[in-house]
Amino acid sequence: MRTTALTANLIQLTKLGMMNAYLVREDDGFTLVDTTMSAADGLMAAAATAGGEIKRILLTHCHGDHVGSVDSLRAKLGPGVPVLMPKIDAGILAGEPVLPPAKKRGSWPKVKTKPDSTFSGGDVIGSLQVVDCPGHTPGHVAFFDTRDKSLIAGDAFSSLGGLAVPSRPHLRFPLPWYATCNRPQALLSARGLRALDPTLLAVGHGRALSEPSAAMDQAIAVAAG
Ligand SMILES: [Zn+2]
């Protein structure tokens, strides 16, 4: 697990060079955003090294490479550390259908852990504001840190091989496009996230970008073109 301190409040944890989770510093410890796969020990060790414990687990969406360590984290951390999921994706994970025009794409693994609660756009969890950005998955959200305007965007953008919106295949890293349930909607959501004027863009796959507005504009223009 590679650890990159992005801001005073945000640490990026990277598994196998390509899957990111994040530790967000709060007064009581850390909020873990996403879990990569088979990484419970590494995620917990990273929190300890950074001087705190994981106090809650949030997910940007419920694809396998984001929920992949939830069950092992639950087993190791116990039920006192709540797992919170975006409402619509939690339903899909539990077997509810994906409503058209979205299609069920990407990996939706069996997860034993039931969410302790669900959230959607407008909710506030600690310092993080939940922002709906559906498209990659129907319930996909981003987390906007109100302290410094950094944005954890999950797979609404990816930056492996250059910043891209998953509404269109990106030749150097087409996986997010392949797994995107509603591609036109993903483009609309990318515009919505850009309008937040984040100071830092942290994504599910690839490095984080500081002062990302120009790069986001370009990625959106390419996706729309
Ligand atoms: Zn995904």
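Observations
- Mean Cβ count within 10 Å, highest first, over the residues of peptides 136-142, 207-213: 136-142, 207-213
- When the Gaussian network model of the chain links Cα atoms closer than 10 Å, the mean-square fluctuations of Asp123, Asp34, Asp132 top out at Asp123.
- Global size of the stretch 117-225 as Cα Rg and Dmax, reported in angstrom: 12.7, 39
- Full-stretch length increase - Ala75, Thr199 - with 0.36 nm per residue and alpha-carbon distance subtracted: 41.1 nm
- Its Cα gyration tensor gives the stretch 2-224 an equivalent ellipsoid. The semi-axes, each the square root of 5 times an eigenvalue, are 24, 20, 16 Å from largest down.
- Summary of packing: across the peptides 162-168, 190-196, the per-residue average of other C-beta atoms within 10 Å ranks them, highest first, as 162-168, 190-196.
- When Met216, Met1, Met85 are sorted by how many other C-beta atoms sit within 10 angstrom of their C-beta, beginning with the fewest, the order is Met1, Met216, Met85.
- Computed label-point distance, nm, for sites Lys149 and Lys114 using a 7 Å Cα→Cβ extension: 4.2 nm
- Rg/Rh for the stretch 35-119, where both radii come from Cα atoms and Rh is the Kirkwood radius: 1.00
FYI, it's all coordinate maths here, none of it is from the lab. The structure presented is a predicted model; accordingly, all values stated were derived computationally and were not measured. Reconstructed Cβ throughout: ideal geometry from the backbone, glycine too, with neighbour counts over all protein chains shown.
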